[in-house]
Structures are given as C-alpha cells and as structure tokens.
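To start, the structure itself, in structure tokens.
Values in this text are rule-based calculations from the coordinates and carry no lab data. Predicted model, so just to flag it, every value in this text is computed and none were measured. For neighbour counting, all protein chains shown are included, and Cβ atoms are generated from backbone atoms with ideal geometry for every residue, glycine included.
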Amino acid sequence: MSARPTTPMSPKTAKVKSPLPGTPVFGCEHIQRLFTQSTEGITQCVHHYKMILKNIFEQTPVVPQTFKNSDGQVMTSLTSNYLCLQCSTIVNEDDRLKHGTKKQHRFYVDSRSGALYCQICDDLVWDPTLEELRVRKMGTGTFSSNYLTNMLINLPDRKRKHDEMFSDGVKDSSASNPGYISNNTTTASCKANGLRGIYNAGATCYQNVVLQSFLHNPLLRNFYLSDGHQSTDCQLTNCLSCAMDDMFQDFYAVENTNGFTAASILSGFWISEKKAFENLVTTKEQDAHEFFQFLAEELHERNGDGKRPETGSEHTCNCIIHQTFYGKLQTGTTCQNCGGVTNAVQSFLDLSLGLENLSHKRKKGGQKVPSLTLQECLDEEYVKSDKCEYRCHNCSSMQQAKRATSIKRLPNVLAIQLKRFEYKQGRHDRASKIETVVNFPLQLNMLPYTTRGRGADSKDAFDLGRSCTYDLLSVVVHVGEIDTGHYVSYCRVGDQWFKFNDHKVEMASKSDVMSAQPYLLFYIIRSLS
C-alpha cells in the first residue's frame, strides 16, 4: 500500500513583538529596500501591483495563467505563474529564476492568489501595504487609494498614527458581521487546488468524470480533508470511502498536475457485491449516472448508519452524502370528485428529466433540431400536473385525479440527469441517444419547482428565491455514439472553469461550458458556493 501524503498542517502562531506606532512595516528586508529607494519607485510599484490585481481578479483568469516558454510559444499553466512586479513579464516557476538573474528583478505576484513572492527569500511574503490592496480587491473589488498611498510614502521622516492603518469601515466593523467577514476573507496563497487528471484504465471515463465532480465538490472536499472518514481507523477491506479519503489527500495535499491512477477506487468498485450495479463491472462503455448512484450509495453505507432509505420513506441520515445530495419530493394527488388531497413524500438523490416527449413536441412544431431549456424540462416534471386514476379513501372508490410533484426540500448540491439514453425493449432490444440541445444557466432559481414556491406571493417569492438560487458547479458530457462514445467533464474551481478529459486537464471558458451538451449537471446552493 502506498504511503499516504502528508496533509499540510496549520502554521503555529509565532509570538512577534508588535512594532511601535508610526513605524513602517514591510514584508521582508528586500521589499523594504525597494520601497525606501524613492517615492517615485514606490508609486510605480503600487500602480503596477494594482494593474496586476485587476488582471487577476477582473479579467478572465486565463490571462495571468498564460506565459511564453523559452521557444516563444504561448502556454497555459494549471499551476501558478508569476507576474513580475518590476516589469510586464509573466513567467512560470522554471523560468522565474532566469528572468530574475537576467533583469535583476526580485519580486513577483502569484497569478492565482495575487500574493507577493520574493525571489531572494524564495518564499511568499506578507507585506502589510500590498496585502491591504489584495484583501480589498478580493473583498470589495475596489482600492482605498488615499489611505494606501499614505501608507506607501510613509518613510521614516513621515510618521503616522497607528489607527490610520485601518479605515473607518474596518475599524468600526464587528468580526461577527457576515459582510465584514466575507469582504476580508482570502484564500491561502500556496494551497493545492486539486487540478489533476485521472488515467483511463480501460473504458473508465464514466467513472473519471463522476470522481472529478466529487473532488471539486466543496462539501465532500471539506469532509474528507477534515478527517470526516478516518481511513487509518477503518477496519473494512477495500473500503471505497477510504479510497476516496486517500484520493482527496493526493489531490489537495501537494500541488501535482501529473495524472492520477484510481487503483483503490477501481478495486473497491470491482469487488462490490451490489447486484444492482453488477453490470457496471465490465471493460465496456458504461453509464456515468449509474456510477454516480453506485458511488453515492456506497459512500452512504460507509459513512452513515448503513441503512438504505426505502422508496416512499422519509428516512433521514446524517452521512455526508445525504447532507450533500439528498432532498425530498412531495407528490400530491387531488381527487376530482371530492377534492381530497393525498400527499406522499420521498427522498431523492438526483432529479431525472425526460427529453423524449418534449423533443417530439418540438419536432411536431417544425423544429428540425429541437432545442430545449433546462427550465422547460423542470417545468414538465415539477410544475405541470397529469391526470390519473386512484382509489380515493374519502370516496371509497376509483376516481379521476390530478397528480403533481414538487420539491419539498432542496439539497445543498442539486444533481440533475438529462435522460439522453433511450432503451426500448421488444423483439430486438435497442438503445439510442437523444441529441436534443438543452440550454442550461450558470445560475438556477429552483423556487418555482418547490412546494412552498407555488403558494408564495411576490414578496415571499423574492425572499425565498434568494435562498433557492444555485450556481453551476460541474457538468458531465457524453460525446459520440451510445456504444462508442466518451465522457468528459467541466468543473469550476473558484471562478475559473476547467475541462477534464481523463488525465488531460485544460482551462475552459464559460462559453465552452455553456455550449456543451450536458448529461449530468451539478448545482450548489449559492449560500454555500
């Protein structure tokens, strides 16, 4: 068994004596030397640093991740590039020292976080002046020019009061204020972001795309990286949750862009005794949706109470899978004779939306290539009602009824399957793929499909809508024919999208994502995203 990588520990708090009020503070002696040379030099550095931060946080993230290699070719890096603070050059880690030696430039800005790097210290340095700029840009999108200029030109002959280090907004804000916390929270400058491909072990692309969606799901990531499942104490052999735990450690403990071999996942999957999923254990092309259901059920059993929620029950479970993916549906049946209503509630792992009927209607309407929206597919299932017959307890007889299904409780992460694969049984069983174009949004309001949303007035609808808004997290796409196709996925890391094609990972634009034809969609509730 391979040694498990060490998870970076939180740094110990060092006891550092605070400087006297009015004493300028710098990140290191080298940046101090640069800042104290001249007022003009300081102003240029601050101006350039602001431009770099705008480039990182306002423009498309692809720009700072792009650099020219030694042959002059434009390359895109998945790891941090370094933007020179003293000129307009962008280099990768390998060329950073060469540039510094040639130009005598020693300071760079991390292309992903905006943090300052000192070549002489060979480390990221925390400079109060530049860090204030970075925090404000990340939190509010603006700079406090006058205040920061005063900080920068505060050389020894220009004293300032200690309170001037803080604007009124920060000084008077409470640490318990969510807005204050949000605006003053930054991500770690040197953490791994999990950008790593997974090798195809023989028609396992359907597994790889689901694993990538799990790896970039913040709830699952936080669970496993905080020892939610302690693999060292687990007594089960070939435990898939232990394999997932090790996988998260491999992806997030150290920044590594080499492909990953999911051997433990494969072995645990292949020896699974679940009869419902035994057809997946082959070397042929399989269904990503079925693997998602298998993996979710397996992780539920390994991390929960081991009980499976029965169909129609309201069984609750505190395992990470239920906390992440599970919601509840309510089906109401209204008798057309007496008006009595019968409600049934059941849990759901994902929403499966049919495409065939809507596509057929569009073709009848004259559309050669039917085009739908995700909202139209949701309307068909969770807004419209259908007619049925059922035995009414009030009438004690079979009656005509209307049946409508709505979402009683939304999950934290909403998984949606678009039924693109059609299986017809008969004399000759056959399968086909539905190629209907389905347009989907980056932000999804699920209020119209909830039980509460149906009876809400405009004021309540506005308030409820804010709590029912989801942001797109990942997309699974099936490319090609049903028997010879291939799965790829798109996952969002921060504000940047990436395309995962087995072991290959590349940056993607929003237009790349929106033009893809989804098979699975994962949305995360905005309050958590």
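For this structure, a couple of remarks:
- Remark: spin-label model distance Val383-Arg526 equals 1.9 nm, labels positioned 7 Å along the Cα→Cβ axis.
- In terms of other Cβ atoms within 10 Å, Leu124, Leu97 run from fewest to most in the order Leu97, Leu124.
- Residues Met51 and Asn318, FRET efficiency given R0 of 51 Å [Cβ-Cβ distance, rounded to 0.05]: 0.55
- Using the Cβ-Cβ distance between Gln443 and Ser352 with R0 set to 22 Å, the FRET efficiency from 1/(1 + (r/R0)^6) comes to roughly 0.50.
- Scaling the Cα radius of gyration of region 205-525 by the globular reference 2.2 N^0.38 Å produces a ratio of 1.06.
- Given Lys50/Lys510; Lys387/Lys510; Lys50/Lys103, the pairs whose alpha carbons are separated by over 31 Å: Lys387/Lys510
- Efficiency of FRET between Thr36 and Lys504 - r from beta-carbon atoms, R0 35 angstrom, step 0.05: 0.15
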